[in-house]
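So the structure is just underneath, and the comments pick up after that.
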Amino acid sequence: MPNRPPNECANMDEVRAEIDRLDAALVDLIAERFGYVERAWELKLAAAAPANVPWRNQQVIDKVRARAEARGLPPDLVEALWRQMIGWFIQYEEEKMAQRESARDDGA
C-alpha cells in the first residue's frame, strides 16, 4: 500500500489504512530495538553492570525530545512514550539478568 500524506486522505478508511501501515512499521522498529536490548543485558551481565543506567536514560530522553521538537511533535508526548518503553526494557533486563545469575548459582 502506498504512503499517502495525511492531507491527501479523503476519508477515514484512508486515514485508518495509513495508521495501520505506520503501526506495523513501529512494531517492526520496536522489534529491532528489542534485539539490541537483548544484547545489552548480556553485555551488562558479563561486565557486572546494572541494567538501569540513569545518565543513559536521560541521554536517550534528551535526544528523542530534541527529535520530536525538530519534527513538530509534542516533546512531552514522545518523552512519556519513551519513559514507558525504557522502564519496561529496564525491568526486562533486570529479570533476564537475575534469571541468568540464578541459573549460574544453581549450577555451582
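The values are calculated or read from the model by the stated rules, or taken from the named source; none is laboratory data. Worth saying up front: this structure is predicted, and the values here are computed from it rather than measured. All Cβ positions, glycine included, derive from the backbone under ideal geometry; neighbour counts span all protein chains shown.
State yes or no: is ARG4 farther than 29 Å from GLY87 by Cα, out of contact with any Phe, Trp or Tyr (no Cβ under 9 Å at 6 or more places or on another chain) and assigned to a helix (DSSP H, G or I)?
No; evaluated as a whole, the condition is false for this residue.
Residues that are under 15 Å from the mean Cα position of the chain (by Cα) and part of a helix (DSSP H, G or I): does the range 8-24 have at least one?
Yes, the range 8-24 contains a residue that is under 15 Å from the mean Cα position of the chain (by Cα) and part of a helix (DSSP H, G or I).
Each row is one residue, and each column tells you yes or no for (1) of a type outside the set (Val, Ile, Thr); (2) touching a Leu at 6+ places or on another chain (Cβ under 6 Å); (3) loosely packed, with under 15 Cβ neighbours inside 10 Å; (4) modelled with pLDDT of 95 or more.
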{"residue": "ARG21", "(1), (2), (3), (4)": "yes, no, yes, yes"}
{"residue": "VAL27", "(1), (2), (3), (4)": "no, no, yes, yes"}
{"residue": "GLY35", "(1), (2), (3), (4)": "yes, no, yes, yes"}
{"residue": "TRP41", "(1), (2), (3), (4)": "yes, no, no, yes"}
{"residue": "PRO54", "(1), (2), (3), (4)": "yes, no, yes, yes"}
{"residue": "ILE86", "(1), (2), (3), (4)": "no, no, no, yes"}
{"residue": "ILE90", "(1), (2), (3), (4)": "no, no, no, yes"}
{"residue": "ALA103", "(1), (2), (3), (4)": "yes, no, yes, no"}
{"residue": "ALA108", "(1), (2), (3), (4)": "yes, no, yes, no"}
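Filter the range 64-80 down to the residues that are surrounded by 12 or more Cβ atoms within 10 Å (Cβ to Cβ) and either charged (D, E, K, R) or outside any helix (DSSP H, G or I) (or both) and list them by number.
Matches in the range 64-80: ARG65, ARG67, GLU69, LEU73, GLU79.
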